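Colleague: Sharing a structure with you now.
The values are calculated or read from the model by the stated rules, or taken from the named source; none is laboratory data. Because the structure is a prediction, the values reported are computed rather than measured. Backbone-built Cβ (ideal geometry, glycine too); neighbour counts: all protein chains shown. What goes into the accessible areas is simple: the full protein's heavy atoms, side chains included, and nothing from ligands, DNA or RNA. Shrake-Rupley method; radii C 1.70, N 1.55, O 1.52, S 1.80 Å.
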Amino acid sequence: MNKIWTLTKKELKTFFDSLIAYILLVLFLGVTGFFTWLPSGADIFYRKQASLDSFFLICFWSLFFFVPLLTMRTFAEEKRSGTIELLLTKPVTDWQVVISKYLSSMIMIFIALLLTSPYYITIAKIGNIDHGATLSGYLGLLLLSSAYAGIGIFASSITKNQIVAVLLSLCFCVFFHLICGTLANTMSGTLGNIFNYLSSTTHFEPMARGIIDTADVIYFLSITFLGLTGAVAALSQRKLKD
């Protein structure tokens, strides 16, 4: 565990030593803040309700882009610079390396969501907000981000180009984010049910409304695990080639 935490701190330092972390945080807060508070047809004042439903809807889309951009450099940059060879020769396992990159990404995402807490505090002062539903919505955002982080880290582990990594990640994410939901609406029977289950919208929307179902949690964690397992497999394959 000490090795994982040491690697995680190294990753976080790398994030904050560059402008990437600051630019992504400003963009994320700027986009979510603009569409949550300023007139946009879906803002809080348009809905006239003491809830963060509009914020969760905006985050559902903004995280779709934010997380792949955040994770694109996790392995791709290491491969491009050649530091991956040095890292893999250290007395750490592939899983420890992958988990440390996952944890550093999730800490960054947590910080981004934590910086939106003034929205929650402001709405709570304006009206009677449903605190349980709000916390459930934030949990949903973290789980959604976790799934996309797993996908992003896997995409970054199979290329040395950050642009390719983010495009691959977006392609994988769009399957769960859009394609599955669209196919579920156009199909019926078993296939329709399968695509409906695979759609991230199906599992996120109940949590945004305050409903926490074990099946939804398992769905997001399963995608996370598959993504991280794929990244470990990619590292193992690289070792075999070397």
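Colleague: Scan (1) buried (at least 19 other Cβ atoms within 10 Å of the Cβ); (2) touching a residue at least 24 places away in the same chain (Cβ under 8 Å) for the single condition A124 breaks and write down its number.
Modeller: Every listed condition holds for A124 apart from (1).
Colleague: Are any residues in segment 130-155 farther than 10 Å from G227 by Cβ, in contact (Cβ under 8 Å) with a residue 24 or more places away in the chain and either open to solvent by 10 Å² or more (accessible area, probe 1.4 Å) or more than 13 Å from the chain's Cα centre (by Cα) (or both), and if so, which ones?
Modeller: D130, G132, A133, T134, S136, G137, Y138, L139, L142, L143
Colleague: Output yes when any residue across segment 230-242 is out of contact with any Ser or Thr (no Cβ under 9 Å at 6 or more places or on another chain) and modelled with pLDDT of 95 or more, and no when none is.
Modeller: Within segment 230-242 (the criterion being out of contact with any Ser or Thr (no Cβ under 9 Å at 6 or more places or on another chain) and modelled with pLDDT of 95 or more), the answer is no, since none of the residues qualifies.
Colleague: Restricting the search to segment 194-239, which residues are aliphatic (A, V, I, L, M) and within 25 Å of F75 (Cα to Cα)?
Modeller: Result: L221, I223, L226, L228, A231, V232, A233, A234, L235.
Colleague: Name the single residue, out of those in segment 97-118 being surrounded by fewer than 18 Cβ atoms within 10 Å (Cβ to Cβ) and farther than 22 Å from L19 by Cβ, that is farthest from the chain's Cα centre (by Cα).
Modeller: Here the answer is P118.
Colleague: Additional query: Go through I179, I163, I194, I211 for me and flag whichever is among the aliphatic types (A, V, I, L, M), open to solvent by 70 Å² or more (accessible area, probe 1.4 Å) and not in a helix (DSSP H, G or I).
Modeller: Of the residues listed, the single one that is among the aliphatic types (A, V, I, L, M), open to solvent by 70 Å² or more (accessible area, probe 1.4 Å) and not in a helix (DSSP H, G or I) is I211.
Colleague: Within segment 209-222, take every residue that is more than 14 Å from the chain's Cα centre (by Cα) and small (G, A, S) and give me the one that is modelled with the lowest pLDDT.
Modeller: G210
Colleague: Would you check which residues across segment 68-84 are part of a helix (DSSP H, G or I) and either open to solvent by less than 60 Å² (accessible area, probe 1.4 Å) or free of Cβ contacts under 8 Å to residues at least 12 places away in the same chain (or both) and list them?
Modeller: P68, L70, T71, A76, E77, E78, K79, S81, T83, I84
Yes/no per residue for (1) at positive phi; (2) modelled with pLDDT of 90 or more; (3) open to solvent by less than 60 Å² (accessible area, probe 1.4 Å); (4) touching a helix residue (DSSP H, G or I) at 6+ places or on another chain (Cβ under 8 Å):
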site	(1), (2), (3), (4)
K13	no, no, no, no
A21	no, no, yes, yes
L29	no, yes, yes, yes
W37	no, no, yes, yes
A50	no, no, yes, yes
L63	no, yes, yes, yes
T89	no, no, no, no
T93	no, no, no, no
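Colleague: Need the failing condition index for F225 against (1) more than 14 Å from the chain's Cα centre (by Cα); (2) open to solvent by 90 Å² or more (accessible area, probe 1.4 Å); (3) at pLDDT 95 or above, just the number.
Modeller: It fails just one condition, (1).
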